[in-house]
Amino acid sequence: MNETLLQALALIPALVIAIVFHEVAHGWVALALGDPTAKERKRLTLNPIPHVDPFGTLILPGLLTLSGLPAFGWAKPVPVNKWRLKNPRYGMMAVAAAGPASNLILAAIGALLLGLLARGLTVEPEGLLRYGLLTLSYFIGINIFLALFNLLPIPPFDGSHIVEGLLPEKAAVVYDKLRPFGFMLLFLVLLVIPYFFPGLGIVERVVVPPFEWAQRQFLTLAYWVAGG
């Protein structure tokens, strides 16, 4: 099988699972804290179909992978009404944190499974075993990336809701006004500035180190489970 196609077949299911659990985690925590909006709209399901955004969940990640570029994507956001939460301010912090937390838990589970699958392996894996190891490796990386990416303190990412809850009320109101410009700010910081000022090394110095550090921790866990 073509190596790039194998990578796409390993990456897409891993990405779908990571994104679906991320969104459902938001909805379950919101429900626990008083907001049944996601339940009412039948979004508290692990069935990926209601959560899949055809372009963001399937087409874009597949195209990026086949092009040899870093893959990312998104799902349809689970609806949350902060004013139905028992404590809107701190409830939104918990709801926001639930998504990244679910991804870190999934990364840990992936590391355990990777270690068990690789346990006793002494030769180059082939066939289904190779596909399984590759899928779990992608699964760990994707979940780490989703957790860290969504913790960015840029609206509308989860990290912005956490920051908003920590700020004094007046500062939170001002901060919330940045929400319509969030994606523009992200585009500026991660794409425009690095392109025109590569010497600043924003991606290399700010984005990559936390990801690589977290990945090492989970792969160390996998190595330990494998008996290394």
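The values are calculated or read from the model by the stated rules, or taken from the named source; none is laboratory data. Predicted model only: the values in this text are computed from it and were never measured. Cβ coordinates were reconstructed from backbone atoms using ideal geometry, including for glycine residues, and neighbour counts include every protein chain displayed. Just so you know, the surface numbers come from the protein's heavy atoms only, side chains and all, with ligands and any DNA or RNA stripped out. Shrake-Rupley method; radii C 1.70, N 1.55, O 1.52, S 1.80 Å.
Key figures for this structure:
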read-out	value
Region 83-104, subset touching a His at 6+ places or on another chain (Cβ under 7 Å) and either free of Cβ contacts under 8 Å to residues at least 24 places away in the same chain or not hydroxyl-bearing (Ser, Thr, Tyr) (or both), residue farthest from PRO36 (Cα to Cα)	ASN103
Per-region count, region 80-104, residues β-branched (Val, Ile, Thr) and open to solvent by 10 Å² or more (accessible area, probe 1.4 Å)	1
Checking ILE109 against (1) touching a residue at least 40 places away in the same chain (Cβ under 8 Å); (2) surrounded by fewer than 18 Cβ atoms within 10 Å (Cβ to Cβ), the condition it does not meet	(1)
Count - residues of region 119-148 that are buried (at least 20 other Cβ atoms within 10 Å of the Cβ) and of a type in the set (A, V, I, L, M, F, W, C)	8
Single unsatisfied condition, PRO125 versus (1) in contact (Cβ under 8 Å) with a residue 60 or more places away in the chain; (2) more than 22 Å from the chain's Cα centre (by Cα)	(1)
Residue match in region 25-48 (condition: open to solvent by 30 Å² or more (accessible area, probe 1.4 Å), part of a loop (DSSP other than H, G, I, E, B) and of a type in the set (D, E, K, R))	yes
Filter pass, PRO153 being open to solvent by 50 Å² or more (accessible area, probe 1.4 Å) and free of Cβ contacts under 8 Å to residues at least 60 places away in the same chain	yes
Residues of region 157-194 classified as touching a helix residue (DSSP H, G or I) at 6+ places or on another chain (Cβ under 6 Å), closer than 21 Å to PHE145 by Cα and of a type in the set (Gly, Ala, Ser), total	0
Which numbered condition PRO48 fails, given (1) at pLDDT 90 or above; (2) closer than 19 Å to LEU146 by Cα	(1)
Residue list for region 24-56, filter: acidic (Asp, Glu), within 17 Å of LEU85 (Cβ to Cβ) and touching a residue at least 12 places away in the same chain (Cβ under 8 Å)	ASP35
Residue that is farthest from ASN103 (Cα to Cα), among those in region 169-214 that are of a type in the set (Lys, Arg) and open to solvent by 100 Å² or more (accessible area, probe 1.4 Å)	LYS170
Top-ranked residue in region 156-211 [being among the small types (Gly, Ala, Ser) and closer than 28 Å to MET92 by Cβ; ranked as nearest to the chain's Cα centre (by Cα)]	GLY159
